[in-house]
Every structure is written in structure tokens, then in C-alpha cells.
Amino acid sequence: MYYVDPHVHMVSRITDDYVRMARAGCVAVVEPAFWAGFDRGSAGAFGDYFSQLTDTEPKRAAQFDIHHMCFLCINAKEAENVSLSREVISIIPEFLDRPGVLGIGEIGLNKNTKNEVTIFEEHVDLAAKTDELILVHTPHLQDKYKGTRMILDILQNDSRIKPERVLIDHVEEHTVKHALDAGFWVGMTLYPVTKCTPTRAVDIIEKYGDERIMANSAGDWGPSNPMNMPDFVRTLRTRGHDAIARHKIAYENPLRFMMQSKRFNFVPPIPVRSS
Ligand SMILES: [Zn+2]
């Protein structure tokens, strides 16, 4: 079965991961900009990273017949440095006309600080002015509920933001309903230890339905596993979700969201039905 991983940090992964993902049916990946594991010291370093995301990595993925697209931003962990964050936000438009750049992300909050909120709002403003999709990272820590609530309030108080053009990622049992009820798309991150397991993700789908919802591996340089997407699809099967339902959740839903971007440049091997 074909699937899409709509949030995976392939710059951190080895070539064998691409091989295994392709064998399991992965046809496209989306890579949001994130924290490198250390704080970058200059806007130039981000410019190099954005070139990696928009040029180098799509070429690497293509060798395995996987289509690569991305989102650009400075992440919440580095937002404490407000002046650097503003410099980075000012260079993002230079990269926004590159093929496969789907929007601004993953922006959001980490520890829910004032500076993080400032930089989140400035990213949202850029996305509104340039009519970009938004991919939002919600905090992993004990403040997840509070941070998610703050993010949803900021987005809902901005009349320029259309919720169907925003993906709220890393939702869990206690945050998913708030995002769905407000009209946003949601993503469940399948991590080996924290966030969501494949079983919990299937529980969430059985409780809240399969509209505007997707899953991702968020594979990165930490304990994570890009093969969690095929594991999730297998869990859906063992729980009785038929092939059409699995195809909708793991393939059509992420593509439906991403296709709203004016620079979506993937030709899906199976056309996406209108919902
Ligand atoms: Zn991420």
C-alpha cells in the first residue's frame, strides 16, 4: 500500500531509512524545518539549512523514488533569541518560491514563553501575508494542553487565518478535539516512547473519526522510527479498518492538506479523490 509521511526530518536519517521506507510503500515525505540539536548562530546557517531542505534533500529522496517537500521556519526552541529569529524570518521569503515549499512550519511553542509567542505570531503574520499553509508544533512537555490552547487562541483570533489551511501537529488524546472542533487539520506523531504510539493513534481515530486527521513518524536524530507509519497502517488493519479507510488516513488525508499549497509539486501515483 502506498503511504505518505507528512512530518519526517530526513536530513537526520541515513540512506537505509529511505530504502526501507520506499520498500514499505512510502511515495512522498514532508520535512518541516526544526531544531538541529544545537542552536545555530546566524541567519546564514539557516539559509544553508533551507537550501538543504529545498535542493539537496529532494534530490537524495528522488534516488529512492520518494518525493520530498518541506516547510520553512525558525523553530520554537531557538525563538528565545528574538533578534536572530527576526533575521531568519526576514530571509524566508527568498526561499518561498522554490518548488515543493508548502508553507511555514513547524512553528509553535516549546516552553510557552513570551518570546516564543512573539516569534510564533510573527511567523503566522508572514504566512497570512504570503498566503502560505501553516504546520504547527505543539509542546511535548507537561504544558502541552496549555501550549496548544495558547496556539489555538492566537490562530483563532487572527481573522486572516483559515483553519483548513493549518495543521496542528503532535496532538494527543487531550488536545485533538480542541483542534478538530476549531476546524484545523491534526497530525498524530508516532514516537517509540513519548507522544503517540500506533495503538493510541488508532484509538483516537476510532473515537474522533477520520476527517482532517493524519499520522506521521516525525523521524529525527533522537529516539524515533520512520517505520512507525507502516506499523500504524498495519495496526489499522489488525483493528479492522479496511483498505479504503487505511488509504484515506495514510495517503489521501495528508495529500489533501498539502495540495492546498500553490507549490505542491507531487503527482500522486493514485489520484486523490475529492473528499
Ligand atoms: Zn518535527
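The values are calculated or read from the model by the stated rules, or taken from the named source; none is laboratory data. The structure displayed is predicted, hence computed values, not measured ones. Using ideal geometry, Cβ is built from the backbone for each residue, glycine included, and neighbour counts are taken over all protein chains shown.
Enumerate the strands (runs of 3 or more DSSP E) found wholly within the range 2-116, keeping only those where 1 or more residues are small (Gly, Ala, Ser) and at pLDDT 95 or above.
Passing ranges, in order: 26-32, 101-108.
Only one entry of VAL202, VAL166 meets the criterion of being buried (at least 21 other Cβ atoms within 10 Å of the Cβ) and in contact with a strand residue (DSSP E or B) (Cβ under 6 Å, 6 or more places away or on another chain), and that entry is VAL166. Just one residue in the set LEU102, LEU152, LEU126, LEU180 is among the hydrophobic types (A, V, I, L, M, F, W, C) and within 16 Å of the ligand (Cβ to nearest atom); that residue is LEU102. If you filter the range 129-149 down to residues that are crowded, with 24+ Cβ neighbours inside 10 Å and aliphatic (A, V, I, L, M), you find that the one that is nearest to the ligand (Cβ to nearest atom) is LEU135.
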